[in-house]
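Beneath this line is the structure, given in structure tokens, with notes to follow.
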Amino acid sequence: MPFIEARNHYIEKVKSHALVGQDLANLWSIYEGKTSFVDLGCGNGHFLSEYLKLHPEMAGLGVDKRFKRIFKTAEKLQRNESLQSRVIFWDVPTFVQDSPAEFWDEVWMQFPDPWPKDRHEKHRMVTKEFFQQIYRILKPGGRFCFRSDCRSYWEFFQIENSRREFFPIVLSQKGDLFETEPKTLFQRRFLQAGVPIYSLQLRK
Ligand SMILES: C[S@@+](CC[C@H](N)C(=O)[O-])C[C@H]1O[C@@H](n2cnc3c(N)ncnc32)[C@H](O)[C@@H]1O
């Protein structure tokens, strides 16, 4: 057994959980023909599970690259009986590249790690390529919903959108545009610490 598997007992739990997608090929058929959203970097699944309670007509997918977080999210989905929803252990930039075009009604990205130093650039999920993929994978009329403590990401999406003329309808706010929707775990922490947040909705 590779060292990492011996160390992390969540790997086995994730592999055998009914609500964890194991590969992309089988995943798309779960969402086809449904009103669906994906939460990129879903963490422990607080937002995903609460949003599904408010919008039971939707099928949701969480994507993250931490086994423990994937397992906790899957357990929340199971407790809620959100059985048409899934979580998957996948790299977000790869996921958006491989997702079918015009597939999702909503793409959420909330509080991605800022990685402010130049030498950490390779870790950033917010890139020009990522932005282009988000536009590609949304259905016509679909929306990209973004919340962050990182002002430069918020500005980046708006500048990139003006430059490329992708999304015709833009809502932007210093603060939370999605006040009536559930908060994420990181958002609660930032609110408690008095950290300002920025939000954006781009509609295709
Ligand atoms: C700061 S946390 C925010 C979690 C959640 N969205 C929230 O607001 O509470 C960022 C999350 O993105 C995930 N993440 C970072 N880079 C990723 C990548 N390349 N692919 C998948 N998930 C990634 C991390 O594992 C972590 O759960």
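Coordinate-derived values only; no laboratory data. Please read these numbers as outputs of a predicted model, since none were measured by experiment. Because the Cβ atoms are built from the backbone with ideal geometry, glycine has one as well, and the counts that use them run over all protein chains shown.
Which residue is nearest to the ligand (Cβ to nearest atom), if the candidates are limited to the stretch 97-107 and must be part of a strand (DSSP E or B) and in contact with a Leu (Cβ under 7 Å, 6 or more places away or on another chain)? Among them, the one singled out is V107. Counting only helices (runs of 4 or more DSSP H) wholly contained in the stretch 1-68, the ones carrying 1 or more residues that are under 19 Å from E181 (Cβ atoms) occupy 46-54. Please work out which residue is surrounded by the most Cβ atoms within 10 Å (Cβ to Cβ), limiting yourself to the stretch 53-74 and to residues that are touching a residue at least 40 places away in the same chain (Cβ under 8 Å) and within 16 Å of the ligand (Cβ to nearest atom). Among those that are touching a residue at least 40 places away in the same chain (Cβ under 8 Å) and within 16 Å of the ligand (Cβ to nearest atom), it is I70.
Looking across the stretch 178-196, the residues that are hydrophobic (A, V, I, L, M, F, W, C) and within 17 Å of the chain's Cα centre (by Cα) come down to F178, L185, F186. Of all positions in the stretch 110-132, at least one carries a residue that is of a type in the set (A, V, I, L, M) and in a loop (DSSP other than H, G, I, E, B).
Residue by residue, here is whether (1) closer than 24 Å to T184 by Cβ; (2) in contact (Cβ under 8 Å) with a residue 24 or more places away in the chain; (3) more than 16 Å from the ligand (Cβ to nearest atom); (4) of a type in the set (S, T, Y) holds:
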residue	(1), (2), (3), (4)
P114	yes, yes, no, no
M125	yes, yes, no, no
F130	yes, yes, no, no
G142	yes, yes, yes, no
F146	yes, yes, no, no
S152	yes, yes, no, yes
E155	yes, no, yes, no
F166	no, yes, yes, no
L171	yes, yes, yes, no
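Considering the stretch 75-96, the residues that are hydrophobic (A, V, I, L, M, F, W, C) and either touching a Ser or Thr at 6+ places or on another chain (Cβ under 8 Å) or more than 17 Å from N26 (Cα to Cα) (or both) include one that is nearest to the ligand (Cβ to nearest atom), namely V92.
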